[in-house]
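Notes for the one structure printed next.
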Amino acid sequence: MTPTAGRLRIFGIDPVAEGTRAKALLGYVPESTLLFDALTPREFLEYVASVRRLPAEVALARARDHVRAFQLEDEFDRPLATLSNGTRQKVVVIAALLHAPPLLVLDEPLNNLDPRSVRIVKELLAHYVSDGRRGVLFSTHTMEVAEQLCHRVGILDHGELLGEGSVAALREQIAEGDLPLEAIFLRLTREEEGVRDAVRTLSRH
Amino acid sequence: MPSGPSPGISEGWREAWRLSEPAYTELAFQAIYAVRQGNLPPGLPAAEVARRARRRVRQSKLLVSGLLAFFSLGPLLLVDPAVVHLFVLPYGLYLATGLGAVVVLDMILLWWTGLQVLPSFLASGVVPLLRSLPVAPRLLRRTALLLLVRLFDAPAATCLVLTPLVAGYALRSPLAGLLLVPAVLVGILFAVALALVSGRFFVRHVQGARGGGLRTWLRWSYLVLWAVPAFAMYGFVAVGPAFLRFVAALALQGPTGLLDAVFLAFPFSLTALPSLGLGLSTTGAGAALDPLVIAAGTLGYTGLAVLVGLWLRAAPLRLTLEAPHAPSRGSGASVRIATTSVARAIVRKDLRVASRTPGFAFLVLLPLLESAALGLWTFVAGPGSSNVLGLANAAVESAALLATFFGPAFFAIEVMGYSYTRTLPLPGRSVLEGKVGLVLGVYSIAALLVVALTLPRVFQPGLFLGFVVAELPAVAAAALLEYSVLLERARSKGLPVTSLYAGAWWAAAVSVPGLLESGTPLALFAGLQRGATAPFALPAMALLAVVELALVLPFALAATRGESR
């Protein structure tokens with residue numbers, strides 16, 4: 001995708017001019033887990049680790065730890081086409097973490113995961129950024145998750161950044177002391193009235 | 001208020017057809033655009049996408065129907081006096097055998113066609129989606145059956161109408177044409193059932209099979225079986241005359257029991273009906289065809305076809321509703337992963353994808369199986385050792401041409417999962433190295449196969465080995481050219497490289513120059529091989545191949561200088 005305006009740098013690298021270098025610094029979890037369906041998790045992770053030029057022993061050690069943590073051993077040699085959405089999600093999460101990148105870009109990473117895996121990912125992300133040297137860009141529609149995990153929240157509506165900062169800063173922006181993030185979101189996007197109307201209409205059925 | 005199925009909805013065929021319309025469009029969309037496999041959806045309005053998908057499916061069916069129509073002309077060849085005189089065989093037996101070959105060809109081509117589309121049909125999830133709607137079981141069964149029938153409609157209709165029509169015209173007897181209808185009809189039913197059963201086997205045991213170790217070899221073995229129908233067509237054309245001579249020998253020398261056994265095999269008892277109906281001779285000097293055998297065979301196959309037909313009524317629904325992949329117990333696999341260079345990772349990934357995807361497996365297997373078949377043919381044909389060189393060279397030539405013609409199609413593997421893999425740091429040069437390596441690998445293994453099968457019997461082994469090695473730079477140049485064109489196009493247009501190979505125009509624009517590149521040194525060798533220039537044939541071929549490679553290399557390097565997108 002070619003940007004139409006603005007300027008983006010990833011650790012000082014222009015991703016348009018130097019896409020390969022920029023991508024090497026990222027770990028990415030897409031919203032939809034459309035992968036090479038014909039590959040097994042083992043074969044997929046081998047491909048990703050090879051493309052990312054990970055040393056064999058590093059790749060093996062990290063894959064082993066992650067696969068055991070997410071209890072993926074039984075599905076490790078089954079084609080992705082045969083796996084549930086939750087298991088496929090675990091595979092893409094592992095693929096994003098395998099090279100321990102300085103920046104994780106996660107689009108709804110908790111989708112389809114079982115509660116145990118959700119807890120692991122949440123704890124892992126909190127630990128990931130704890131030393132201040134690595135970052136996570138997290139995209140979600142679940143405001144509770146954003147409120148729980150994110151240090152800074154940006155509220156995007158139709159491509160426009162309506163608010164940005166800590167949850168406390170966003171509360172200050174709308175001058176409400178104790179609103180949850182979901183309510184802040186609806187207030188900033190001017191959707192509160194729309195939601196009330198929709199519920200009123202649907203409740204008639 | 002919860003609402004159930006609407007009362008009074010028709011369960012007839014008209015309603016089933018209406019339901020099958022959007023389901024068929026979805027099938028066509030999945031087959032053409034592979035969005036569920038991770039391809040990016042086309043940036044077009046939904047109606048236009050649906051129209052294009054259906055148009056491309058229609059084009060594919062017309063292509064297969066055209067080939068079937070060509071086979072259906074077989075009876076015209078059969079009655080040609082020049083051909084008839086080649087075989088010393090009672091005319092009735094001759095016609096029954098020849099028409100049997102035509103029906104078998106029709107059946108095998110239909111089966112092969114079914115194999116290409118049935119996995120999509122079984123794993124598409126279209127019928128399970130319909131079942132979640134308030135649709136009566138009978139209506140659902142009819143809709144699933146109609147969906148299956150629509151996959152075969154034009155090709156099956158071509159066989160059913162054209163083959164008897166041409167037979168009737170060739171024999172100047174409408175009755176002969178009518179009497180051939182049962183054989184063609186039974187052949188179609190068998191082909192559809194075979195496609196359904198083998199398609200289900202593939203989805204469960206190849207596509208859904210675990211990876212690793214011996215299982216990989218097992219999957220490739222299944223895929224060799226998958227390619228059998230295609231080679232059966234080739235084989236039947238090749239051995240058809242020999243089979244006719246075998247029947248002729250039986251008719252002349254007997255014994256009758258063996259002739260009866262041949263005519264009890266499908267479809268010969270059914271294709272003997274036109275001969276019997278026209279009162280043509282089925283009696284030779286040494287053996288005679290027993291009408292009771294024909295009656296038994298006809299009744300037996302008709303009965304079997306009825307059973308197959310009954311099975312086909314419900315099978316499409318049952319098979320599309322069952323879990324597409326065989327359940328497998330947890331193995332508690334040891335967690336091992338092995339990394340490699342980027343180019344080798346691409347080759348390994350492509351081969352692994354191909355081992356579970358017949359379309360891609362065919363690209364690998366076709367040159368290999370053809371090399372093996374031509375290599376083995378040198379044993380069967382029993383030519384002199386100098387002619388073995390000619391046959392071996394021809395096998396290597398076809399391996400080179402097939403590898404370079406079909407090679408660019410490996411690019412389409414990148415379509416799968418592209419929405420994810422475009423986020424990987426994958427340089428264009430690594431893609432080029434991997435894909436060219438794969439094409440070279442296919443050529444090399446196919447060529448080595450021919451060498452292994454023929455070298456001890458070749459008159460000039462040094463010349464043959466030199467020929468195999470001399471062609472290698474030309475195959476590399478062809479593959480480099482093909483993939484460079486694709487990558488350059490992707491870089492200059494800012495398009496995802498994966499969507500470039502979707503159209504037939506690009507397939508031709510890329511494959512034809514590659515074919516010329518790999519074919520020119522072969523043509524030069526053939527031109528110089530005779531007469532006084534013979535000693536220069538191999539050096540000239542090798543030189544030309546190296547020059548081609550040297551010319552293409554800078555273009556390839558320039559094409560991969562850009563960034564991955």
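The values are calculated or read from the model by the stated rules, or taken from the named source; none is laboratory data. Here the structure is a predicted model, which means the values were calculated and not measured. A quick note on method: Cβ atoms are made from the backbone with ideal geometry, for glycine too, and the neighbour counts reach across all protein chains shown.
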message: Looking at the structure I just gave you, is residue A:184 part of a strand (DSSP E or B) and touching an Asp or Glu at 6+ places or on another chain (Cβ under 8 Å)?
response: no
Note: among B:87, B:121, just one is outside any helix (DSSP H, G or I) and modelled with pLDDT under 85, namely B:87
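State whether one or more residues within segment A:4-23 are surrounded by 21 or more Cβ atoms within 10 Å (Cβ to Cβ), polar (S, T, N, Q) and at the interface with chain B (Cβ under 8 Å from one of its Cβ atoms). Before you say what the answer is, go through the steps one by one.
Looking only at segment A:4-23, we keep the residues that are surrounded by 21 or more Cβ atoms within 10 Å (Cβ to Cβ), and these are A:22-23.
The next check asks that each one be polar (S, T, N, Q); those that pass are none.
No: segment A:4-23 contains no residue that is surrounded by 21 or more Cβ atoms within 10 Å (Cβ to Cβ), polar (S, T, N, Q) and at the interface with chain B (Cβ under 8 Å from one of its Cβ atoms).
If you scan segment A:163-205, which residues turn out to be among the small types (Gly, Ala, Ser) and surrounded by 14 or more Cβ atoms within 10 Å (Cβ to Cβ)? First the steps, then the outcome.
We begin by selecting, within segment A:163-205, every residue among the small types (Gly, Ala, Ser); these are A:163, A:165-166, A:168-169, A:175, A:177, A:183, A:194, A:198, A:203.
Selection gives A:163, A:165, A:183.
Would you point out which residue out of B:180, B:151 is modelled with pLDDT under 90, under 26 Å from residue B:61 (Cα atoms) and not aromatic (Phe, Trp, Tyr)? So that I can check it myself, show each step before the final result.
Working: B:180 fails: modelled with pLDDT under 90.
Checking each option against the conditions leaves just B:151.
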Of the conditions (1) touching a residue at least 60 places away in the same chain (Cβ under 8 Å); (2) basic (Lys, Arg); (3) buried (at least 16 other Cβ atoms within 10 Å of the Cβ), the single one that residue B:56 does not satisfy is (1)
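Does segment B:94-109 contain any residue that is farther than 22 Å from residue B:185 by Cβ, buried (at least 20 other Cβ atoms within 10 Å of the Cβ) and either in contact (Cβ under 8 Å) with a residue 40 or more places away in the chain or assigned by TED's automatic domain parsing to the domain that holds residue B:271 (or both)?
Residues of segment B:94-109 farther than 22 Å from residue B:185 by Cβ: B:94.
Okay, now just the ones that are also buried (at least 20 other Cβ atoms within 10 Å of the Cβ), so B:94.
Of the ones still in play, those that are also either in contact (Cβ under 8 Å) with a residue 40 or more places away in the chain or assigned by TED's automatic domain parsing to the domain that holds residue B:271 (or both) are B:94.
Within segment B:94-109, one or more residues are farther than 22 Å from residue B:185 by Cβ, buried (at least 20 other Cβ atoms within 10 Å of the Cβ) and either in contact (Cβ under 8 Å) with a residue 40 or more places away in the chain or assigned by TED's automatic domain parsing to the domain that holds residue B:271 (or both).
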Review point. Does segment A:82-93 contain any residue that is in a helix (DSSP H, G or I), under 18 Å from residue B:414 (Cα atoms) and within 9 Å of another protein chain (Cβ to nearest Cβ)?
Key: yes
So, first residue under 20 Å from residue B:321 (Cα atoms) in segment B:142-169, second residue not in a helix (DSSP H, G or I), Cβ within less than 9 Å, six or more apart or across chains; the pairs are B:142/B:11; B:142/B:12; B:143/B:135
Would you mind stating whether residue B:203 is at pLDDT 85 or above and on the phi < 0 side of the Ramachandran plot? no
Restricting attention to segment A:37-67, the residues that are surrounded by fewer than 23 Cβ atoms within 10 Å (Cβ to Cβ), part of a helix (DSSP H, G or I) and more than 7 Å from chain B (Cβ to nearest Cβ) number exactly 6
*Test: residue in segment B:203-216 that is touching a Pro at 6+ places or on another chain (Cβ under 8 Å), assigned to a helix (DSSP H, G or I) and more than 22 Å from residue B:322 (Cα to Cα)*: no
Contact list, first residue from segment B:317-338 and facing chain A (nearest Cβ under 8 Å) and within 27 Å of residue B:149 (Cβ to Cβ), second anywhere and surrounded by 18 or more Cβ atoms within 10 Å (Cβ to Cβ) and at pLDDT 85 or above, beta-carbon distance below 9 Å, six or more apart or interchain, is B:325/A:78; B:325/A:79
